Amino acid sequence: AQTVTQSQPEMSVQEAETVTLSCTYDTSENNYYLFWYKQPPSRQMILVIRQEAYKQQNATENRFSVNFQKAAKSFSLKISDSQLGDTAMYFCAFKPNDMRFGAGTRLTVKP
Amino acid sequence: DAGVTQSPTHLIKTRGQQVTLRCSPKSGHDTVSWYQQALGQGPQFIFQYYEEEERQRGNFPDRFSGHQFPNYSSELNVNALLLGDSALYLCASSLVTSGDQETQYFGPGTRLLVL
C-alpha cells in the first residue's frame, strides 16, 4: 500500500523559532513527487513546497525547506523564523500516480 | 489570475438524496481532481478528469460520479447519500501540458452535511 504517515498530530513553536514537521511514506515506485500543503482555519489548502523524487537537492522556498531522504522514505518540513500566520494544519502528500495525503499535523505558533 | 472556485460553500442534505457540487479550475488549467476530507483527516482522492474523461479513480463507490465540461469546469455527483458522506469536498486543478503538471491547486471546498 502507498501510504503517508505524519507521526506528530500536534506541535507548537514560539514565534521566530524553527520547527520541523515529520513525514514518512511507503511506496515501491521510483519516480514520484512530494508536497507539503498548509490548510489554515479558513480551510483553503495552500501549496507550501514540492520536491521531485529524482532530484537529490532539497527544495527551499523562502522560510520553508525540506529534508528529503529517499532511501529512508522521509520528507520533513522545516519552518524557520516561525510567524503567527504559519498556524495551520500541515499535510504531507506524495504522488506516485494519484495524490496521497497524510493525516496532518496541527501547528500552533505562539506569540 | 482567478484561482479555483467551488460552489456551494455549504450544503445540507438528508440520507438517500443526491447532491451536485461544482468546481471551476484555476485560469489556464485543464485537469480537475476531487477529494473528500472527513473531519480531522487528510483528503482522500476520489477521481480526476482530463479532456472530459475520468482519468484516474480512487477507492470510492459508483455512487460518486463526475463530469468535466468543455470549459474544463467539473461537477461531482453523489447519489443515495449516507451519513458517512458528510465531509469537506475539495476540488484541485492542474495543467497537464505544463512542466508543473503534478502540482495541484485547491479550491476552498464545499462542506456537505448529511442528516
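Under the condition of being of a type in the set (Lys, Arg) and under 20 Å from B:TYR105 (Cα atoms), the residues counted in segment A:23-76 number 3. Filtered by the rule that a residue be at pLDDT below 95, open to solvent by less than 30 Å² (accessible area, probe 1.4 Å) and of a type in the set (D, E, K, R), segment A:60-97 gives a lone residue, A:LYS95.
Within segment B:54-73, work out how many residues are part of a loop (DSSP other than H, G, I, E, B), aromatic (Phe, Trp, Tyr) and closer than 19 Å to B:ALA38 by Cα. Looking only at that region, the number is 1. The residue list A:GLN14, A:GLN57 contains one member that is touching a Lys or Arg at 6+ places or on another chain (Cβ under 8 Å), loosely packed, with under 14 Cβ neighbours inside 10 Å and over 29 Å from B:ASN59 (Cβ atoms), which is A:GLN14.
Please tell me if A:TYR25 is within 13 Å of chain B (Cβ to nearest Cβ), farther than 21 Å from B:LEU88 by Cα, open to solvent by 40 Å² or more (accessible area, probe 1.4 Å) and of a type in the set (Phe, Trp, Tyr). The answer is no for A:TYR25.
Out of the residues in segment B:24-56 that are on the phi > 0 side of the Ramachandran plot and away from chain A (no Cβ under 13 Å), which is most open to solvent (accessible area, probe 1.4 Å)? Checking each candidate, the answer is B:GLU51. Looking only at residues of segment A:30-42 that are open to solvent by 50 Å² or more (accessible area, probe 1.4 Å) and facing chain B (nearest Cβ under 9 Å), we find that the one that is farthest from A:ASN62 (Cα to Cα) is A:SER42.
The values are calculated or read from the model by the stated rules, or taken from the named source; none is laboratory data. Quick caveat, the model's predicted, so the values are computed rather than measured. A quick note on method: Cβ atoms are made from the backbone with ideal geometry, for glycine too, and the neighbour counts reach across all protein chains shown. With ligands, DNA and RNA removed, areas are computed over all heavy atoms of the protein, side chains included. Shrake-Rupley method; radii C 1.70, N 1.55, O 1.52, S 1.80 Å.
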